[in-house]
Structure formats: structure tokens, C-alpha cells
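The values are calculated or read from the model by the stated rules, or taken from the named source; none is laboratory data. In this text the structure is predicted, and so the values were computed from the model without any measurement. Neighbour counts run over all protein chains shown; Cβ positions are idealised from the backbone, glycine included. All accessible areas refer to the heavy atoms of the entire protein, side chains included, with ligands and DNA or RNA removed. Shrake-Rupley method; radii C 1.70, N 1.55, O 1.52, S 1.80 Å.
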Amino acid sequence: MKNPYEIQIPALDARMMEAAETRQLSLAKPPRSLGVLEEISVRFAGMTGKLYNEAKRRRILIFSADNGVVEEGVTSAPQSVTLAQTINFTRGLTGVAVLAKHYRTELRVYDVGVNAEFSQPGVINCKIAMGTRNLAVEPAMTREQALRAIEIGFAAAEQAKRDGVEILGIGEMGIGNTTTSSAILSCLLNRPAEETTGRGGGVNDAGFARKKEVIDGAIALHRPDPSDVVDVLAKVGGFDVAAMCGAFLGAAANRLPVVIDGYISAVAALCAKRINRDSLNYMFASHISCERGYALAMEDMGLKPMFQLEMRLGEGSGCPIAFEVIDGALTVLRDMATFDEARIDDGYLGEIRGDAHLQR
């Protein structure tokens, strides 16, 4: 990909959103009484350009990659877990795999930088390198590698659209990627690691202190340009986050609604937003992550997550649950009776419909 900043993203269909709003107000219920479910159906109509939609053809894209920064002792898990879980996705043994099966969701797993030579049915080999370099001492990757990762994610979203997928989720696997995500977030928001960094999969106090020290030190050493997301990704990011960023851009460019998972997914979504703000129009936020920086990313994007389940697994595990909520919202818009169909005189709602308290 030569220049992701030149990606064209279509505007939401304002006419179709108005039609969805009008239908919501005609349904046999008090105005706005289904709250966020109504907002979801209206936004979805704007994304697809269709009044009636479904979210039954579901896919989660999982991008796996290793991170050289694990050499600094910033994580409690060994790097070998990246490879093991990448394979386990295809065997249906991980958290997201179990949830995906339960909620009738397909997984597509991409190796964009796992530090191992392997071949596994169901893992798509797009390996850029054997993991990134150690960002504590040198840039994590070259600019060309960052662009390649973005291109891989973009192409994966385009393929989903061609395959008839109706809603997409974005997940990851990569030991050390809460460190890279916090480094990216610190750059983009101009905040120190103390404000953006959590314990990820779990580290002791010494490891947590080291993690924050590494992030602040890497930013001071490499001086990433916060106005250039590709530069930030190349210097302190990871192949997985860059590919996820590309997937969010690809979904938006193809009018494909896309769901953010947890912290790492949210940082990738923020990267996409900084590259092209219009990509934000096609995103839904699933759950509130326990990671410290998650709320900062959501605040910057102005998105409201759907639920709080104290999740912090990653992998895309929040997406299948969100798919079910979204499909329910779309079903209400399509199948619920109007006042006329229910043979109810809605005249009593005249004043209520104009109540400012009920406006979005």
C-alpha cells in the first residue's frame, strides 16, 4: 500500500438513516424506548445504504504476530504462546473460538509475524517477518513493513465484503502487544505511559514498572511523529496492530460494519480514525476493556461500548457477543409491528415524541 491516507471512504447514507429513524418512531412502543438498539439500527442503515439489514453472516479477522519488546521482560507469558494460540484458534480451543462457534461466527486467522516457521490448516500465511524488532533499542519495523501490514488487513476486509459477510470483527494474538498498543496510544494522545498502560495479561509490580519505563524510553528514543500514524506504527507498534488498522480502513472503504473488540483492537481503530476520520462512521464498540488506556481511546473516538463484562482477553472475544446484540437491533427494526399493524391509536404520543428528553 503506497499511501493509506488516500483511501476513499463513502459517507453514511443520510437518507436511509432518516428512513430508519422514521420507522423506529412508527413502531408500537414509546419513542426511544429501545435506547441504543434503535441507534444501532439507524447507524447500520447508514453504513449499508439499506433500510432492512441482517448481521447473520459474521466473520472475525484475527491477526497474529510476535513483538521483539518481550526481550525487556514486559510480559509474564512466554513468546511461544503466540504460536500455540494461533494454532488453537483453528482447533476451536480458545476463548474467541468457543464464543464464535456458539454465536455462529466464522474466524479467519492471519499470520502476519509469528516468530516461528509453521504450517497450519486454517492459518493464512502473510508473514512479514519473524516478529518485530525490540522497540526499546531500535524501531519495531520499517515504514515499508508497516505499510505492508496495513495492506494485509485492508485486503482481508475487502475479501470479507466479496464473500458476502454482513458484519466484521477485529481481533489479535501477540504476546507483548499491550506494550506496543500503549506505546502507540501514548504517541497519538501525547500522554505518558503512566496514563495509558495497564498490566495486560498480568505482570508483577517490577514488570509493570519496567513496561512503563520501556514505553516512555522508546518514544523518547525514536520520536515518532503523532501526525503520521504509519511512522508511529513503524517505530513503536506491531504487525498485528498495523494489520488491524488496515482492516478497519478496509471495512469502512467497503461499507462493511465492523466491531471493535478490546484494548488492542481499540488502539488499532484509533489509528484508522487518525488516518481517515470517516472510518469511524463504520465502527461499533463491543465491551469496556479493563485495560487503563481503553477509556482514553474510546473518549478520543467518541464511541460508546455496548456492555461491561469485565473482559480483558482480547482475541476478538467481545465481537461475537456484540454481533448478537446488533442482529437483535436489526431484527426489531425489520420485524416489529407498527402502531397501525398492531391496531393501536398512537395519538397519545404526540407530545411525548417532541419531548427533548427523548431526543438522541
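Using just the alpha carbons, could you tell me how many Å³ per residue the convex hull of region 1-100 encloses?
Numbers: hull volume 20.7 nm³, N = 100.
Cα-based convex hull of region 1-100, divided per residue, equals 207 Å³.
Among 224-231, 183-190, how do they line up by average Cβ neighbours within 10 Å per residue, starting with the highest? Before the final figure, lay out the partial values.
On the way: 224-231: 18.5, 183-190: 24.4.
My ranking of the peptides, most packed first, is 183-190, 224-231.
Please turn the phi angles of region 10-23 into ³J(HN,Hα) values with the Karplus equation 6.51 cos²θ - 1.76 cosθ + 1.60 (θ = phi - 60°), one per residue in order, whole Hz, x for glycine and proline.
Working through the residues one at a time gives x, 6, 5, 7, 5, 5, 6, 5, 5, 5, 5, 4, 4, 5 Hz.
Which net charge results for the neighbourhood of Leu221, defined as the other residues with beta-carbon distances under 11 angstrom from its beta-carbon, given Lys and Arg at +1 and Asp and Glu at -1?
Numbers: positive: Arg223, Lys235; negative: Glu138, Asp216.
With Lys, Arg at +1 and Asp, Glu at -1, the net is 0.
Would you mind checking which residues have amide H under 5 Å from Val259's amide H? H placed 1.01 Å from N; only 5 or more apart, or other chain.
Under 5 Å from the amide H of Val259: Leu168, Gly169, Ile170, Phe284.
So what are the ³J(HN,Hα) numbers for region 94-101, from phi and the Karplus equation (6.51, -1.76, 1.60; θ = phi - 60°), rounded to whole Hz, Gly and Pro as x?
My calculation for region 94-101 gives 8, x, 5, 5, 5, 5, 4, 4 Hz in order.
Using a cut-off of under 17 Å, list every residue of region 217-253 whose amide N is near the label point 7 Å from the Cα of Asn190 along the Cα-to-beta-carbon line.
219-220, 223-229, 232, by backbone N distance to the label point.
So how exposed is Asp335, as accessible area in Å² (1.4 Å probe, rounded to 10)?
Result for Asp335: roughly 100 Å² accessible.
Check which residues have an amide H placed less than 5 Å from Leu107's amide H, if you skip close sequence neighbours.
Ile60
Counting Lys and Arg as +1 and Asp and Glu as -1, what is the net charge of the other residues whose Cβ lies under 12 Å from the Cβ of Val203?
Here the count lands on +2.
Counting only protein heavy atoms and using a 1.4 Å probe, what share of the accessible area of region 267-335 belongs to carbon plus sulfur, as a whole percent?
48
Accessible area per residue for region 89-152 in Å², computed with a 1.4 Å probe and the full protein assembly in place, what is it?
Numbers: 3170 Å² over 64 residues.
That works out to 50 Å² per residue.
Taking θ as phi - 60°, what are the ³J(HN,Hα) couplings along region 314-331 by the Karplus curve (6.51, -1.76, 1.60), each to the nearest whole Hz, with x for Gly and Pro?
My calculation for region 314-331 gives x, 6, x, 5, x, 5, x, 5, 5, 4, 5, 4, 5, 5, x, 4, 5, 5 Hz in order.
Rounded to the nearest percent, how much of the accessible area of region 89-140 (1.4 Å probe, protein heavy atoms only) is carbon and sulfur?
Details: 1320 of 2640 Å².
Heavy-atom surface of region 89-140 belonging to carbon and sulfur, 1.4 Å probe: 50 percent.
Quick check: residue separation of Ala19 and Lys304 times 0.36 nm, minus the Cα distance between them. What number comes out in nm? Let's see the in-between values first.
On the way: separation 285, 0.36 × 285 = 102.60 nm, distance 2.31 nm.
Full extension of this stretch gives 100.3 nm more.
I'd like to check one number: the per residue accessible area of region 197-355, probe 1.4 Å, reported in Å² as a whole number.
Values: 5920 Å² over 159 residues.
Each residue of region 197-355 exposes 37 Å² on average to a 1.4 Å probe.
What is the sum of charges, Lys and Arg at +1 and Asp and Glu at -1, for the other residues whose Cβ falls under 14 Å from the Cβ of Val70?
Details: positive: Arg133, Arg210, Lys211; negative: Asp66, Glu71, Glu72, Asp240.
Local charge sum for Val70: -1.
By accessible area of protein heavy atoms, probe 1.4 Å, what ranking do His222, His287, His102 get, highest first?
Details: His222 25, His287 0, His102 125 Å².
Sorted by accessible area, descending: His102, His222, His287.
Just subtract the alpha-carbon distance of Arg104 and Ile344 from 0.36 nm times their residue separation and send over the number in nm, one decimal. Display every interim value, and only then the final one.
Working: separation 240, 0.36 × 240 = 86.40 nm, distance 3.67 nm.
82.7 nm is the gain from fully extending Arg104 to Ile344.
How far apart, in nanometres, would the label points at Arg223 and Ser80 be if each is projected 7 angstrom from Cα along the Cα-to-Cβ direction?
Reported label-point gap for Arg223 and Ser80 is 4.2 nm.
Take the alpha carbon atoms of region 218-360, find their radius of gyration, then divide it by 2.2 N^0.38 Å using N residues; give the quotient. The partial results should precede the final answer.
Numbers: Rg = 19.5 Å, N = 143, 2.2 N^0.38 = 14.5 Å.
Rg over 2.2 N^0.38 Å, computed on Cα atoms: 1.34.
Rounded to the nearest percent, how much of the accessible area of region 186-264 (1.4 Å probe, protein heavy atoms only) is carbon and sulfur?
Working: 1150 of 2420 Å².
Ligands and nucleic acids excluded, carbon and sulfur give 47 percent.
Taking the Cα atoms of region 74-206 alone, what are Rg (to one decimal) and Dmax (as a whole number) in Å?
16.1, 48
How high is the FRET efficiency from Lys56 to Glu6, r the C-beta distance, R0 41 Å, rounded to 0.05?
On the way: r = 34 Å, r/R0 = 0.82.
The calculated FRET efficiency here is 0.75.
Per residue, what accessible area does region 1-71 have, given a 1.4 Å probe and all protein chains present, in Å²? Each step should come with its number before you reach the end.
Details: 3080 Å² over 71 residues.
Per residue, region 1-71 has an accessible area of 43 Å².
Binning every alpha carbon pair distance of the chain at 10 Å from zero, what are the percents per bin?
6, 26, 33, 20, 10, 4, 1, 0
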